[in-house]
1. Out of the range 157-232, which trypsin sites (Lys or Arg not before Pro) are coil in DSSP terms and have no more than 16 other C-beta atoms within 10 Å?
2. Please list, ordered by chain and number, the residues whose modelled amide H lies under 5 Å from the amide H of Q166; skip anything fewer than 5 residues away on the same chain.
3. From the phi angles alone, apply the Karplus equation (6.51, -1.76, 1.60; θ = phi - 60°) to the range 204-212 and give each ³J(HN,Hα) in whole Hz, x where the residue is Gly or Pro.
4. Which of the residue pairs K44/K205; K59/K112; K10/K209 have a Cα-Cα distance greater than 31 Å in the structure shown?
5. Quick query: amide H of H176 versus all other amide H atoms, modeled in the peptide plane; which residues come in under 5 Å with a sequence gap of 5 or more or a different chain?
6. Note down the relative contact order for the chain as a percent, whole number, built from C-alpha pairs under 8 angstrom at least six residues apart.
7. Which Rg and Dmax, in Å, describe the Cα atoms of the chain?
8. Which loop-located GluC sites (Glu not before Pro) does the range 1-99 contain, where loop means any DSSP state but H, G, I, E or B and the Cβ has at most 13 other Cβ atoms within 10 Å?
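Readers should treat all values here as calculations from the given coordinates under stated rules, not as data from a laboratory. The shown structure was predicted, so the numbers you read here are calculated from the model rather than taken from an experiment. Ideal geometry is used to build each Cβ from the backbone, glycine not excepted, and the neighbour counts take in all protein chains shown.
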Amino acid sequence: MPENTVYKGKVLVAGATGRTGQWVVKRLQHYGIPVRVFSREREKALRLFGESVEIFTGKIQSSVDIAHAVKGCEAVISALGSSSVTGESSPGDVDRDGVIRLADEAARVGVKKFGLVSSMAVTRWYHPLNLFAGVLLKKWEAEEHVRKVFSTGGRSYTIVRPGGLQDGEPLHHKLHVDVGDRLWSGWINRSDVAELLVEALWLEKAKNKTFEVINESEELQASLEHCYDTIS
Ligand SMILES: NC(=O)c1ccc[n+]([C@@H]2O[C@H](COP(=O)([O-])OP(=O)(O)OC[C@H]3O[C@@H](n4cnc5c(N)ncnc54)[C@H](OP(=O)(O)O)[C@@H]3O)[C@@H](O)[C@H]2O)c1
């Protein structure tokens, strides 16, 4: 692991065992940043990450479990995502209430930064994806809460609203960013979403930003820092 020169402090990754979350862990480790993962399934986290990260097991429905996990971390990155219409993996439980609980407990113990994977089209109540238990609306409610809680008290947030997610290596695309939820289609690698949130940890210009992002063209990138230049 390289020496950590870019960001001091431990980062808790929620949803770390997911496809984007795994990339968040990899990119944090690439920069030598200490990682703690919060997972509902210890064996899965162990299988994926071995001993290279701290593993805190718990339920996103439990404030007690979350409070334990966030304690001692400087930042939290959430790549949580629902996978069923009802029950404990539903949009209401995960995308809204899980993220809200995470933000509240993090702020309470002094976490300074919150990074969130949201989605393009979260402001569009009429979007067909809302047929899946109102998933976009739930994400929007969580976003609003994160913006409220993490824009005061020396805290900050960065919310990434990706287009369709695909797999592939990071830093292989020039990205197109926009604000105001005006994009209708486009794809982006999960690894680049992760990279954007990891770089946001140390970039002043990434503070308190919410933005949409998709691929523009295939082109190797040295970093994604410049994506934050055009976001107002
Ligand atoms: N798919 C797209 O095209 C697209 C587009 C825009 C935005 N997004 C959003 O981007 C985010 C990341 O997507 P992804 O494809 O990386 O998601 P993913 O692979 O499905 O990962 C989701 C993560 O959430 C966790 N999770 C789900 N239910 C949970 C629960 N009840 N308690 C605790 N953890 C729970 C999963 O844990 P386990 O590993 O334990 O299951 C996993 O770590 C999601 O919020 C998704 O909605 C997706």
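1. Numbers: sites: K174, R182, R190, K205, K207, K209; in loops: R182, K207.
Here the trypsin sites (Lys or Arg not before Pro) that fit, given the DSSP loop and packing criteria, are R182, K207.
2. When sequence neighbours closer than 5 places are left aside, the close amide H contacts are I188, N189, R190.
3. With the stated coefficients, the range 204-212 comes to 4, 6, 8, 5, 6, 10, 10, 7, 9 Hz.
4. On the way: K44/K205 35 Å; K59/K112 22 Å; K10/K209 21 Å.
Violating the 31 Å Cα-Cα cut-off are K44/K205.
5. Those lying under 5 Å, H to H, from H176 are I214, N215, E216.
6. 18
7. When restricted to Cα atoms, the chain yields Rg and Dmax of 16.2, 47 Å.
8. Details: sites: E3, E41, E43, E51, E54, E74, E88; in loops: E3, E41, E51, E74.
Answer by residue number: E3, E41, E51.
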